Amino acid sequence: MPGGGDPPGGGVNRIVVVGACAAGLSAAEALRREKFGGKIVLVGEEIDAPYDRPPLSKQILASQWEAERLALRPAEQIAALELDLRLGVRATGLDLASRTVLLGDSSVEYDGLIVATGVRPRRLPGSGAHVLRTLADALALRERLKPGRRLAVVGAGFLGAESASVARQLGCEVTLLEPAPVPLAQAVGVPVGEVLAQVHRDQGVCVRTGVTVTSTSPTGVQLGDGEFVTADEVLVAVGSQPNTGWLEGSGLELDDGLVCDEFSAAAPGVYGAGDVARWHNPLFGVTMRVEHRTNAAEQGMAAARNLLRGSDARPFAPVPYFWSDQYGLKIQAHGYLRGHDAVEIVDGDLESRRFMAAYRTGDRLTGVLSLGMPPKAIRPWRQAVAAGTAWSVSETLTTR
Amino acid sequence: MSLKVEFDEPKCVAAGQCVMVAPDLFDQRDEDGVAIVLDDSPSPDQYDEAREAAAVCPAAAIRLVEG
Ligand SMILES: Cc1cc2nc3c(=O)[nH]c(=O)nc-3n(C[C@H](O)[C@H](O)[C@H](O)COP(=O)(O)OP(=O)(O)OC[C@H]3O[C@@H](n4cnc5c(N)ncnc54)[C@H](O)[C@@H]3O)c2cc1C
Ligand code: SF4
């Protein structure tokens, strides 16, 4: 590895960051905070200056905010980073041997590379359906959400559920279609998923579980059992796929994301960050890829620092965090809930919709989720997750 | 040079990341977790903390103005 024994950042004169949103911008900022004085090329396919996505399914869809509020940083702060900013430019390939990123007809060489290309929505066969990932997607959907209009949302994950919540509050007739018997059971467990489904039902959403949608059309969705559900608008929110097409054949390992080690490195001098990266999180001892806003910022930072540190690199071992807002209720979760063995309500209760749930994987406390609780109450639990606390010990935190 | 912390409260999603990296500069309200700026004029030895908080905030609600 050229420059391997040099001081941090030694031998690195030009860093290319591909993907200009939360993770990519965070990486570029961290490079400058770490006093990297070389050239930073930030390449992004979208033409918009780096913007924030979580408000798309919240304040933007609800028409509470205009698009300008989404900018991640004011223009002068971006200018102060002295980037070679290439927006509206797509990376089309990577040649590891010559350290070159292909940009269609042109190319750019790097000493260090950070991959932060995020994910794109999965789609279903057929036509006429909305997806929700970009600002343009959100504006197109909100244009259509008028009182009395019928919206079918396919997929009751957090994205589908938040959109259903906004549409309902705007006066739309909403049907939420989910293949699993309980929405979000995979992500947060059956009891919490059931409560969230009931919240939607109480608000007048028609929640249909155990149904498969096989295709969409401009007039509704086709179910697997032959039924056709009529709707004026269809939103497909059935998960996403990492944007790694441009890395195919490069020699980098791709497996539902760019595979990275515990330092967020995919190869010497090449790092991954944000939604696109699947890395080994030593805190949980598993490989994970998380589509959470906070992780994008934290991993962008970690990738930038490790790239400059070389042999002094530090493992990226965060406690993942996400939030979601539905009908004015705030859901917050810390940890790695996926694949948990058990979930227990440790404060409040499900009926009142004010509770904290703790998740056990093996004999360890691996996650905690709160709904409608004061956010500070979750902090000691987060610390316990971060400390790798045994489940039996965590019970002493229980307040009920 | 001085550094001033500007906080766009309606953007805050009560994540508490700022409190974790800069506990001297930020706290959270008890009832809803929205951040409170404890000190909007950090001292030079707190600049790194302040910058880290602005960088990790998942709502881009913390802005630093250099004067
Ligand atoms: C509607 C919505 C609501 C959300 N709500 C929440 C929430 O409440 N809480 C939460 O924790 N998280 C939420 N998220 C997730 C959060 O927004 C993401 O985790 C975060 O945006 C990831 O940032 P990123 O930079 O990794 O990826 P992205 O934001 O996807 O950025 C990647 C960028 O790379 C560009 N790109 C892709 N391929 C190429 C290429 N070949 N060349 C150049 N550029 C390329 C893309 O166009 C994109 O601009 C939400 C996401 C969405 C879409
Ligand atoms: S990190 Fe940002 S969103 Fe979270 S509490 Fe602090 S200011 Fe609010």
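What follows is calculated from the coordinates using simple rules that are stated; it is not laboratory data. Being a predicted model, the structure only gives us computed values, none of them experimental. So basically every Cβ, Gly included, is an ideal-geometry build from the backbone, and we count neighbours across all protein chains shown.
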statement: Projected onto the charge dipole of the protein assembly as shown (unit charges on the beta-carbon of Lys, Arg, Asp and Glu, signs +1, +1, -1, -1), the Cα from A:SER163, A:PRO181, A:LEU61 with the largest positive-side position is that of A:PRO181
- prompt: Hey, what do the phi angles of the range A:95-107 turn into as Karplus ³J(HN,Hα) couplings, whole Hz, using 6.51/-1.76/1.60 and θ = phi - 60°, x for Gly and Pro?
  reply: 10, 5, 4, 9, 6, 10, 9, 8, 10, x, 7, 10, 7
field: Student exercise, the protein assembly as shown dipole from Lys, Arg, Asp, Glu Cβ charges, in Debye to nearest 20
entry: 580
- line: Within 10 Å of the Cβ of an average residue in B:58-66, the count of other chain Cβ atoms is 5
message: Show me the ranking of peptides B:4-13, A:119-128 by mean Cβ neighbours inside 10 Å, starting with the highest.
response: B:4-13, A:119-128
message: Angle check, please: helix B:47-56 long axis (alpha carbons) against the longest principal axis of chain B (alpha carbons), in degrees 0 to 90, nearest 10.
response: 40
statement: Sorted by chain and number, the residues with a modelled amide H under 5 Å from that of A:VAL207, at a separation of 5 or more or across chains, are A:LEU176
task: Could you size up the charge dipole of chain B around its Cα centre, putting +1 on the beta carbon of Lys and Arg and -1 on that of Asp and Glu, and report it in debye to the nearest 20?
output: 240
message: Given all pairs of different Cα atoms, what value in angstroms does the Kirkwood hydrodynamic radius of the range A:93-233 take?
response: 17.2
Among A:TYR327, A:TYR51, A:TYR359, residue whose mean-square fluctuation peaks in a GNM of chain A (springs only between Cα atoms under 10 Å): A:TYR327
field: For q = 0.14 Å⁻¹, Debye-computed log10 I/I(0) when each Cα of the range B:3-66 counts as one equal scatterer
entry: -0.31
- prompt: According to a simple spin-label model (label point 7 Å from Cα along Cα-to-Cβ), what is the distance in nm between A:ARG33 and A:TRP65?
  reply: 2.0
message: Tell me the Kirkwood radius of chain A: reciprocal of the mean inverse pair distance over distinct alpha-carbon atoms, in Å.
response: 22.3
field: Computed E for A:THR212/A:VAL286 - FRET, C-beta separation, R0 35 angstrom, nearest 0.05
entry: 0.75
statement: Rounded to whole angstroms and listed largest first, the alpha-carbon spread of the range A:158-316 along its three principal axes comes to 58, 34, 27
